[in-house]
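Please find one structure pasted underneath; my questions will follow.
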Amino acid sequence: MLLAAIGLLLFLLPLAGLVVKAPWSQVGPALGAPETASALGLSLLCSLCATAAALVLGIPLALLLSRTSGTLRRLLRALTTLPMVLPPVVGGVALLLAFGRRGLVGSLLYQAFGVQIPFTTTAAVMAETFVAMPFLVIAVEAGMRSLDHRYEEAARALGASSWTVFSRVTLPLLRPAIFSGAVLCWARALGEFGATITFAGNFPGRTQTVPIAVYIALESNPDSAIVLSLILLAVSIAVLVGMRDRWLGAP
């Protein structure tokens, strides 16, 4: 019990310190500051775009994972979940080496079209998608494996095409898994820092999201940093409360 209490305190004390030491009288002015509004707006834009990209790319990937087996499945799953265990800064460096001006793909884009991705809003979205999409893929794959495939087989037996089966049967059955995966993906994208600052940099109004703004504000305006941290804490709590029925179990 003593070790359990110490473990619990390890989680609770930092959160308590953030709440108790927060300059509550400065919350209003800090939220109304132009730089705060800019960071919040950009964070919402980038995280929503990253979630949309993850939905478009992640759902087909999850379906592929659910329908493979053996060595191929293990390899695909390892590649898909790698960003979850990879240090975010390393992910940012990898993105630079792939999509930078001299990267594997970035050099071709720059030479052919003059397109330069790093240190742009697009780079921030790509970095957030890279680190957040695995959460969506895992949730949807788990949902796919738990489906009763007799409904799909019945639809095929009635003459439905593959697209009709997917859009009218599979997707509606996967809706809870897709929703929960999308929420987790969005929350992870909203809090992303390492890959974003490495690949997209810190440019107010263009790539400075809330986590980056917190890091920068700690040196010059700690009160603003604490307020921004409270915003991210509130979002995290809201996600956990909203997902409790699926992930934590409702009482």
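Pairs only if they're at least six apart or on different chains, beta carbon under 9 angstrom, first in region 188-215 and under 18 Å from A94 (Cα atoms) and acidic (D, E), second part of a loop (DSSP other than H, G, I, E, B) and modelled with pLDDT of 90 or more; list them, first residue then second.
Close Cβ pairs (under 9 Å, with a partner that is part of a loop (DSSP other than H, G, I, E, B) and modelled with pLDDT of 90 or more) amount to E192/T209.
Name the residues in region 192-227 that are small (G, A, S) and part of a loop (DSSP other than H, G, I, E, B), would you? I'd like the intermediate steps shown before the answer.
Residues of region 192-227 small (G, A, S): 194-195, 200-201, 205, 213, 217, 220, 224-225.
Matches in region 192-227: A200, G201, G205.
Okay, moving on. Can you find even one residue in region 205-222 that is more than 28 Å from M126 (Cα to Cα), of a type in the set (S, T, N, Q) and surrounded by 15 or more Cβ atoms within 10 Å (Cβ to Cβ)? Spell out how you get there, then give the answer.
Restricting attention to region 205-222, the residues satisfying the condition of being more than 28 Å from M126 (Cα to Cα) are 220-222.
This time we only want the ones that are of a type in the set (S, T, N, Q), so: 220-221.
Next, only the ones that are surrounded by 15 or more Cβ atoms within 10 Å (Cβ to Cβ) stay: 221.
Taking every residue of region 205-222 in turn, at least one turns out to be more than 28 Å from M126 (Cα to Cα), of a type in the set (S, T, N, Q) and surrounded by 15 or more Cβ atoms within 10 Å (Cβ to Cβ).
To keep it simple, each residue is scored yes or no on (1) surrounded by 15 or more Cβ atoms within 10 Å (Cβ to Cβ); (2) out of contact with any Phe, Trp or Tyr (no Cβ under 7 Å at 6 or more places or on another chain).
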residue: A62; (1), (2): yes, yes
residue: P83; (1), (2): yes, no
residue: V90; (1), (2): no, yes
residue: A112; (1), (2): no, yes
residue: T120; (1), (2): yes, yes
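Right, another one. Of (1) modelled with pLDDT of 90 or more; (2) out of contact with any Gly (no Cβ under 9 Å at 6 or more places or on another chain); (3) not acidic (D, E), G91 satisfies all except one. Which?
Failing condition for G91: (2).
Can you list residue pairs whose Cβ atoms sit under 6 Å apart, with the first residue in region 223-237 being within 14 Å of A33 (Cβ to Cβ) and the second being exposed (fewer than 15 other Cβ atoms within 10 Å of the Cβ) and among the aliphatic types (A, V, I, L, M)? Count only pairs 6 or more apart in sequence or on different chains.
Sorted first by the residue in region 223-237, then by its partner, the pairs are A225/L218.
Moving on. For region 84-124, give me the residue count where each residue is assigned to a loop (DSSP other than H, G, I, E, B) and not small (G, A, S).
First, the residues of region 84-124 that are assigned to a loop (DSSP other than H, G, I, E, B): 86-87, 100-105, 114-120.
Next, only the ones that are not small (G, A, S) stay: 86-87, 101-102, 104-105, 115-120.
The number of residues fulfilling the criteria is 12.
Next question. Return the only residue of A195, A189, A200 being modelled with pLDDT of 90 or more and in contact with a Leu (Cβ under 8 Å, 6 or more places away or on another chain). Steps first, please.
Working: A189 fails: in contact with a Leu (Cβ under 8 Å, 6 or more places away or on another chain); A200 fails: in contact with a Leu (Cβ under 8 Å, 6 or more places away or on another chain).
Only one candidate passes the filter, namely A195.
Find the residue count for region 149-187, including only residues that are within 30 Å of V235 (Cα to Cα) and among the β-branched types (V, I, T). Break it down into steps so the answer makes sense when it comes.
Of the residues in region 149-187, the ones within 30 Å of V235 (Cα to Cα) are 171-187.
Still in the running and among the β-branched types (V, I, T): 178, 183.
Here the count works out to 2.
Taking region 168-186, which residues are hydrophobic (A, V, I, L, M, F, W, C) and either outside any helix (DSSP H, G or I) or within 14 Å of the chain's Cα centre (by Cα) (or both)? Explain how you work it out, then say what you get.
The first filter runs over region 168-186 and keeps only residues hydrophobic (A, V, I, L, M, F, W, C), leaving 169, 171, 173-174, 177-179, 182-186.
Across region 168-186, the qualifying residues are I178, F179, A182, V183, L184, C185, W186.
This table checks each residue for (1) within 26 Å of E192 (Cβ to Cβ); (2) of a type in the set (A, V, I, L, M); (3) touching a strand residue (DSSP E or B) at 6+ places or on another chain (Cβ under 8 Å); (4) surrounded by 11 or more Cβ atoms within 10 Å (Cβ to Cβ).
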{"residue": "P14", "(1), (2), (3), (4)": "yes, no, no, no"}
{"residue": "V19", "(1), (2), (3), (4)": "yes, yes, no, yes"}
{"residue": "P34", "(1), (2), (3), (4)": "yes, no, no, no"}
{"residue": "A39", "(1), (2), (3), (4)": "yes, yes, no, yes"}
{"residue": "A50", "(1), (2), (3), (4)": "yes, yes, no, yes"}
{"residue": "A54", "(1), (2), (3), (4)": "yes, yes, no, yes"}
{"residue": "L57", "(1), (2), (3), (4)": "yes, yes, no, yes"}
{"residue": "R74", "(1), (2), (3), (4)": "no, no, no, yes"}
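The values are calculated or read from the model by the stated rules, or taken from the named source; none is laboratory data. This one's a predicted model, so the numbers in the text were calculated from it and none came from an experiment. Backbone-built Cβ (ideal geometry, glycine too); neighbour counts: all protein chains shown.
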